[in-house]
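Remarks on the structure that follows.
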Amino acid sequence: MRNGFQKCVIALIVGWLTLFVFIPDLMIFVTSFLTRDEARFVSTTPTLSNYGRLLDPLYAGVLLHSLNMALIATLGCLLLGYPFAWCLTKLPPRRRPLMLFLLIVPFWTNSLIRIYGLKIFLSTRGWLNDGLLSLGLIDKPFRIIYTPEAVILGLIYILLPFMVLPLYSSLEKLDRPLLEAARDLGAGKLQTFFRVILPLTMPGIIAGCLLVFIPAMGLFYVADLMGGARNLLIGNIIKSQFLNIRDWPLGAATSVVMTLIMGLLLLIYWRVARLLNNRVDLG
C-alpha cells in the first residue's frame, strides 16, 4: 500500500511537471526556430533568423540595460540585506520569529499592488514629496517616477526578502567559536569579517544574489509602472513580442536566451558552492 501511494505521488508530480513545465518549454523552444505568420502567428517554416535578430542594437541594448539594472538591484539588496540579516541573528531567539514573520508578511500581498503603492508614494504629488515640502527640505517636487532609479527602487522593494532569507540562514549557522578564536588571535572586526564571516556566508550570498538577479530581469510590470517606455527590462520585450507585436518566434527566442542565461547562472552557483564546500571539508 505504501509503495503504491509513493508511486501515485511520483506519477502525479511527474505528470504535472510534464504537462505544465516540460511541454510548454518545449513548445517555446520549437517556436523560436519557426517563422512569424500574420494570419496564424507562426509558420512551420524553420529559420535561425530569430536568434540573429537578437543581435540587433535595439534588442542587444535592452538586454544590456536589463542586465545592468538587475546587477544594481542585486547589489542594493545585498548591501541592505546583509546588515539586516546580521541584526536578525543578534536578536534574542524569542524575537526572531516575529521579525521573520514581519519580513514575510509582504508576500501575502500581490507584488503588483505593492508596486502601485510605491508608485503613489514616490510620485510628484505623493507622500514623499509632500513630506519633504512640508519640512522645507525642497522648494518644489522632484521627479523620481519614470527613471532608471525608480525601476531599481521597485526591484529592491520587491526582491529584498529573497536576499535576506538565505543570508539569515547562512549567518545563523555561523560557528561562533570561530569568531572567538579570530578575536583571540588578534584579528580586528574588519579582519574577522573579511577573512572569517564573509567566506563562511558566501553560499548564502551567492544564493541570495541569484534569487534576486534572475527574477529582476523579468519583472516587466515594475519597469512598466516605475520606468516607462525608456527603461525596459528583458521581460518587457518578451511581453511585447507575445501580446502586442504578436511576433511569437522572436519572443520565444528571447525567452530561450533568457532561460540559458539563468541556467548558466545556476551552473556557476553549483560550481562555486561545490568549490566552497570542498574548501571547508579540506579545512
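Looking only at the range 52-76, filter to residues that are open to solvent by 60 Å² or more (accessible area, probe 1.4 Å) and in a helix (DSSP H, G or I); which one of those is nearest to T254 (Cα to Cα)?
That would be R53.
Would you check if P141 is under 28 Å from I206 (Cα atoms) and either open to solvent by 40 Å² or more (accessible area, probe 1.4 Å) or in contact (Cβ under 8 Å) with a residue 60 or more places away in the chain (or both)?
Numbers: under 28 Å from I206 (Cα atoms): no; either open to solvent by 40 Å² or more (accessible area, probe 1.4 Å) or in contact (Cβ under 8 Å) with a residue 60 or more places away in the chain (or both): yes.
It is false that P141 is under 28 Å from I206 (Cα atoms) and either open to solvent by 40 Å² or more (accessible area, probe 1.4 Å) or in contact (Cβ under 8 Å) with a residue 60 or more places away in the chain (or both).
Got at least one residue in the range 198-211 being in contact (Cβ under 8 Å) with a residue 12 or more places away in the chain, among the β-branched types (V, I, T), more than 20 Å from G117 (Cβ to Cβ) and open to solvent by 30 Å² or more (accessible area, probe 1.4 Å)?
Pass one, the range 198-211, residues in contact (Cβ under 8 Å) with a residue 12 or more places away in the chain: 199-211.
The next check asks that each one be among the β-branched types (V, I, T); those that pass are 201, 205-206.
Checking which are more than 20 Å from G117 (Cβ to Cβ) leaves us with 201, 205-206.
Subset that is open to solvent by 30 Å² or more (accessible area, probe 1.4 Å): 206.
Checked the range 198-211: at least one residue is in contact (Cβ under 8 Å) with a residue 12 or more places away in the chain, among the β-branched types (V, I, T), more than 20 Å from G117 (Cβ to Cβ) and open to solvent by 30 Å² or more (accessible area, probe 1.4 Å).
I'd like to verify a number: residues in the range 243-274 that are within 17 Å of V42 (Cβ to Cβ), part of a helix (DSSP H, G or I) and open to solvent by 50 Å² or more (accessible area, probe 1.4 Å), how many? Don't jump to the end; show me each part of the working.
Looking only at the range 243-274, we keep the residues that are within 17 Å of V42 (Cβ to Cβ), and these are 243-256.
Going one step further and asking which of them are part of a helix (DSSP H, G or I), we end up with 243-244, 248-256.
Filter once more, so that each one left must be open to solvent by 50 Å² or more (accessible area, probe 1.4 Å): 243-244, 248.
Residues in the range 243-274 being within 17 Å of V42 (Cβ to Cβ), part of a helix (DSSP H, G or I) and open to solvent by 50 Å² or more (accessible area, probe 1.4 Å): 3 in total.
Scanning the range 149-173 for residues that are more than 10 Å from the chain's Cα centre (by Cα), under 16 Å from F213 (Cβ atoms) and hydrophobic (A, V, I, L, M, F, W, C), which turns out surrounded by the most Cβ atoms within 10 Å (Cβ to Cβ)? So that I can check it myself, show each step before the final result.
Initial filter on the range 149-173 (more than 10 Å from the chain's Cα centre (by Cα)): 149-154, 157, 161, 164-173.
If we keep only those that are under 16 Å from F213 (Cβ atoms) as well, we get 151-152, 154, 157, 161, 164-167.
When the remaining residues are screened for being hydrophobic (A, V, I, L, M, F, W, C), the result is 151-152, 164-165, 167.
Numbers: V151: 29, I152: 23, V164: 23, L165: 19, L167: 26.
Only one residue fits best here, namely V151.
Restricted to the range 77-110, and to residues that are free of Cβ contacts under 8 Å to residues at least 60 places away in the same chain and within 27 Å of N231 (Cβ to Cβ), which residue is most open to solvent (accessible area, probe 1.4 Å)?
L79
If we scan the range 148-168, do we find a residue that is modelled with pLDDT under 90, in contact with a helix residue (DSSP H, G or I) (Cβ under 6 Å, 6 or more places away or on another chain) and either among the small types (G, A, S) or under 30 Å from A252 (Cβ atoms) (or both)?
no
Inspect all residues belonging to the range 222-230 and state whether any of them is free of Cβ contacts under 8 Å to residues at least 24 places away in the same chain and not in a helix (DSSP H, G or I). Give the steps one after another, and end with the answer.
First, the residues of the range 222-230 that are free of Cβ contacts under 8 Å to residues at least 24 places away in the same chain: 224, 229.
Within this subset, residues satisfying the condition of being not in a helix (DSSP H, G or I) are none.
For the range 222-230, residues free of Cβ contacts under 8 Å to residues at least 24 places away in the same chain and not in a helix (DSSP H, G or I): absent.
Name the residue, out of F22, F84, F33, F29, that is at pLDDT 90 or above and outside any helix (DSSP H, G or I). Step through it out loud before you land on a result.
Values: F22 fails: outside any helix (DSSP H, G or I); F84 fails: outside any helix (DSSP H, G or I); F29 fails: outside any helix (DSSP H, G or I).
When all the criteria are applied, what remains is F33.
The values are calculated or read from the model by the stated rules, or taken from the named source; none is laboratory data. Because the structure is a prediction, the values reported are computed rather than measured. Note that we place each Cβ from the backbone using ideal geometry, even for glycine, and neighbour counts take in every protein chain shown. Each accessible area value is taken on the protein alone, full model and side chains, heavy atoms only, with ligands, DNA and RNA left out. Shrake-Rupley method; radii C 1.70, N 1.55, O 1.52, S 1.80 Å.
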